[in-house]
Amino acid sequence: MLPFRSHPPRRPRSGPKVVGLLGLLVGLPGLVLAYFGVLSVRSEAVVARAQFQERCEEVAADLYGELERRFAGLDQGLLRGVSRAGDAWVDPGAVGDALVASLPDVEGLLVLDGNGSILYPPPNAISLEDATFRRIGDVDRSFMGESFRLGEDAEIRGDDPAAAAAAYAASVPGIPGDRGKALAMNAWARALLKDGRPGEARAVWQGIARDHPDEQDWNGFPLATLARYQVGLSYLQQGELLPSARAFSDLLADQMRRPWSYGGFAEGVIARKLLLHLDSGRLVEALPPGERPDLDAARAHFAEASRRQRDQAATLALLPVLREDRATSEDSRVQYSRDDVGDVRVLTARVRWSAPGVKRLFIFTLDEGRLLGRLRDLIASAARVNPEIRISLVDSREGPLPLRSSGEGALYSLEPWVAGMMLVVGRGDPSKVDAQLARARGVRIGMVAAFTLLILFGAGVTARAVLREMDIARLRTDFVSNVSHELRTPITTIRLMGEMLAMGAVPTEEKRREYYQTIVSESERLSRLINNVLDFARLEEGRKKFRFARGDVGECVRQVARTTADYLHGEGFDFEVEVAPDLPRLWFDSDAIVQALVNLLTNAVKYSRRERHVRLTARRERSNVVLAVRDRGEGIDPKDLKHIFEKFYRGGDALTRETRGAGLGLSIVRAIVDAHGGRVRVESRPGEGSTFSIVLPVREEPPADLPTTPEEQVA
Ligand code: ADP
């Protein structure tokens, strides 16, 4: 019930010891723990780095495993294909075509015999020429015969295309070999066109397409393809859109169906021209809707086919190297190499096959994009799952690797399959990863700091509590000795005087009255003390019952003045009483208020040895009634001021103290006033006196939660 915030000015001497001990037993271990906490957070960064490294290795190993499986599968396919082809080597063209068709990763195949000459593809399906146009004059055409030469002369002169056409037409039967015949027919058709006979020219070109489908011109162009293109072109020049469109779209469809020559470029050129005519001239719209070719699909198909031809051409250029029996190539059955030809990088796989008396070298041109495609897909999904890691496939021939140091990821070479290619697994965004680490570290260090503070705070609170308990123990001891002293003095006096009176040892009546008076006042003091102690005990235990009634508090003050006036005068005090006439009626426990005022007045007497003057007043102050006791005594030391309402607290120095008391008076006053919902004020200056004021609120209702009885309310 009583507030207890005791800070006695004198700390027991064991205080520092307790603080030191707690510091040693709690604070020090706390600090040591914190130190180790910080250390472990630091080492966590190292662990995190190691874990990251491990994760990188794991991801890289997974991907590398996939790559191994992929190439193991390819090896198997190539070896199986080669051995099957070797056993069935009857028609090299058909066997080679079937082999290429059965291996999806293969872009092209060259088969060489023991001497290094090409067995596959067949000569008419391979372009052994460079991809540069030769001037007609550079080619030896003497085998074409005299008539052909005459035609050429006439064509070069340009004045008689009809003669040129006739000479070319005459030369055809005499030329040996299909290629020469086809070449002469092409020249013949060209001359006919120049002579203004497109219909005849077309008939000759159609003859080439029909009779010599596999021949090439001087530059390796397939002549039949060229002838069919010329047919379409001549229709177009004559403004005959529908037959022109038909010729072009038929050729387009054919170009998409048939395999292109190995390493050539002519198909690509023709395909591009066909697309250009069909699309840009809107020639395609001349066709009935059902016959229109899908130009976009054709474009994609031709791009792919051109790329294959480009890789095949690169393989042809590498032939001298690939044909070599490299020493290292003996240890594995499939040899991969990745070489540059100009700005083309080509991936090839070589397999050797031999039977008694027969040796063959299979050179496969591989589709690198397709082979690594699945790996790239896996990389993309691994990157999604592990955003802290950056995974890339890097061509080490094209630039530096994106790794800052070897300790920051994993590096795998795709050797022996894709030489120069590297699988790099490293930190995603280093700043992001570092920030994440730093954040985690910050949180943990913050936690360590918070817990350390908590431990220290706990130690502080415990120390305070222990010190407080020690204070209370000390105050209790003081209290017991104070009370016993308080009791002993009046009892001794009463006994002494009583005995003297009983023995008749007091001579004069005046002296006897004085003794009686002293006995009365000492017993009053005794009962006051006992009342206070009992009240204190009741208040402490919450047993004290207040009996509130609405009444005139001024009357109560006057009553106190009446009963204490004699005592005060007897002690030599000037006693002034002033009760304002207009005091409102309020709810209070009359006995309790009397007790509080008596305690204040007793204190005024006890602590006024200098100037003996007490003033008791009751006045209204806004919505309160203020009862004040003012003395002109010693006053209160400011350092005592905030403690004087604490239980057992006594001001001043215990050794030099002259007054008697138990340190309960004011704490009882405070408890009583609290119960009334009021407060106690004190103003005091050392050497000038003190004023204690009880401020009671004027209320319509009795103080909350406190029992009243109907009769008492009327009182
Ligand atoms: P006690 O009087 O028994 O010591 P109290 O609780 O009544 O206990 O008072 C507590 C302390 O407050 C006193 O010891 C004294 O130092 C100081 N005190 C109380 N009333 C006065 C007063 N009127 N003038 C000076 N000091 C006072």
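Per-residue answers, yes or no, for (1) at pLDDT 80 or above; (2) in the same structural domain as Ala191 (by TED's automatic domain parsing); (3) part of a strand (DSSP E or B):
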{"site": "Asn115", "(1), (2), (3)": "yes, no, no"}
{"site": "Leu119", "(1), (2), (3)": "yes, no, yes"}
{"site": "Thr132", "(1), (2), (3)": "no, yes, no"}
{"site": "Asp140", "(1), (2), (3)": "no, yes, no"}
{"site": "Phe143", "(1), (2), (3)": "yes, yes, no"}
{"site": "Ser147", "(1), (2), (3)": "yes, yes, no"}
{"site": "Glu152", "(1), (2), (3)": "yes, yes, no"}
{"site": "Asp159", "(1), (2), (3)": "yes, yes, no"}
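For residues that are in a helix (DSSP H, G or I) and among the small types (Gly, Ala, Ser), scanning just segment 508-549, find the one that is farthest from Leu601 (Cα to Cα). The selected residue is Ala537.
Checking each residue in segment 39-82 for being surrounded by 18 or more Cβ atoms within 10 Å (Cβ to Cβ), at pLDDT 90 or above and among the aliphatic types (A, V, I, L, M) picks out Leu74, Leu78, Val82. Looking for something within 30 Å of Phe648 (Cβ to Cβ) and within 16 Å of the ligand (Cβ to nearest atom) - is there at least one such residue anywhere in segment 546-558? Scanning segment 546-558, I find no residue that is within 30 Å of Phe648 (Cβ to Cβ) and within 16 Å of the ligand (Cβ to nearest atom), so the answer is no.
Screening segment 368-392 for residues that are polar (S, T, N, Q) and surrounded by 14 or more Cβ atoms within 10 Å (Cβ to Cβ) and picking the one that is modelled with the highest pLDDT gives Ser392.
If we keep just the residues of segment 640-665 that are part of a helix (DSSP H, G or I) and surrounded by fewer than 20 Cβ atoms within 10 Å (Cβ to Cβ), which is farthest from the ligand (Cβ to nearest atom)? Here the residue is Leu641.
Residues checked against (1) within 9 Å of the ligand (Cβ to nearest atom); (2) touching a strand residue (DSSP E or B) at 6+ places or on another chain (Cβ under 8 Å); (3) free of Cβ contacts under 8 Å to residues at least 60 places away in the same chain; (4) in a strand (DSSP E or B):
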| residue | (1), (2), (3), (4) |
| --- | --- |
| Ile636 | yes, yes, yes, no |
| Ser667 | yes, no, no, no |
| Val673 | no, yes, no, no |
| Val680 | no, yes, yes, yes |
| Ser690 | yes, yes, no, yes |
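For the residues Ser261, Ser280, Ser244, Ser234, the requirement of being assigned by TED's automatic domain parsing to the domain that holds Ala300, among the polar types (S, T, N, Q) and within 28 Å of Pro122 (Cα to Cα) singles out Ser261. Considering segment 393-412, the residues that are loosely packed, with under 15 Cβ neighbours inside 10 Å and under 21 Å from Asp434 (Cβ atoms) include one that is modelled with the lowest pLDDT, namely Ser406. Figure legend. Inter-residue proximity from segment 583-609: first residues of a type in the set (Asp, Glu), second residues more than 16 Å from the ligand (Cβ to nearest atom), beta-carbon distance below 8 Å, spacing 6+ or different chains. Indicated pairs: Asp589/Phe546; Asp589/Arg547; Asp589/Phe548; Asp589/Ala549; Asp589/Ala675; Asp589/His676; Asp591/Arg547. Is it the case that some residue within segment 598-610 is buried (at least 16 other Cβ atoms within 10 Å of the Cβ) and in a strand (DSSP E or B)? No, there is no match, as no residue in segment 598-610 is buried (at least 16 other Cβ atoms within 10 Å of the Cβ) and in a strand (DSSP E or B). Can you confirm whether Gly268 is part of a helix (DSSP H, G or I), surrounded by 21 or more Cβ atoms within 10 Å (Cβ to Cβ) and assigned by TED's automatic domain parsing to the domain that holds Thr315? Answer is no for this residue. Of all residues in segment 587-614, those being more than 9 Å from the ligand (Cβ to nearest atom) and either within 60 Å of the chain's Cα centre (by Cα) or among the basic types (Lys, Arg) (or both) number 3. Among the residues here, Gly498 does not qualify as in the same structural domain as Asn624 (by TED's automatic domain parsing), of a type outside the set (Ser, Thr, Tyr) and either crowded, with 17+ Cβ neighbours inside 10 Å or part of a helix (DSSP H, G or I) (or both). Across segment 615-627, which residue is nearest to the ligand (Cβ to nearest atom) among those that are in a strand (DSSP E or B) and either surrounded by fewer than 21 Cβ atoms within 10 Å (Cβ to Cβ) or of a type in the set (Val, Ile, Thr) (or both)? It comes out as Arg615. Quick check: is even one residue across segment 465-474 under 16 Å from Gly30 (Cβ atoms), part of a helix (DSSP H, G or I) and not assigned by TED's automatic domain parsing to the domain that holds Ala662? So far as segment 465-474 goes, no, none of its residues is under 16 Å from Gly30 (Cβ atoms), part of a helix (DSSP H, G or I) and not assigned by TED's automatic domain parsing to the domain that holds Ala662. Only a single item in (1) modelled with pLDDT under 85; (2) surrounded by 15 or more Cβ atoms within 10 Å (Cβ to Cβ) is not met by Leu110, and it is number (1).
The values are calculated or read from the model by the stated rules, or taken from the named source; none is laboratory data. What you see is a predicted model; the values in this text were computed from it and never measured. Every residue, glycine as well, gets a Cβ built from its backbone with ideal geometry; the counts of neighbours run over all protein chains shown.
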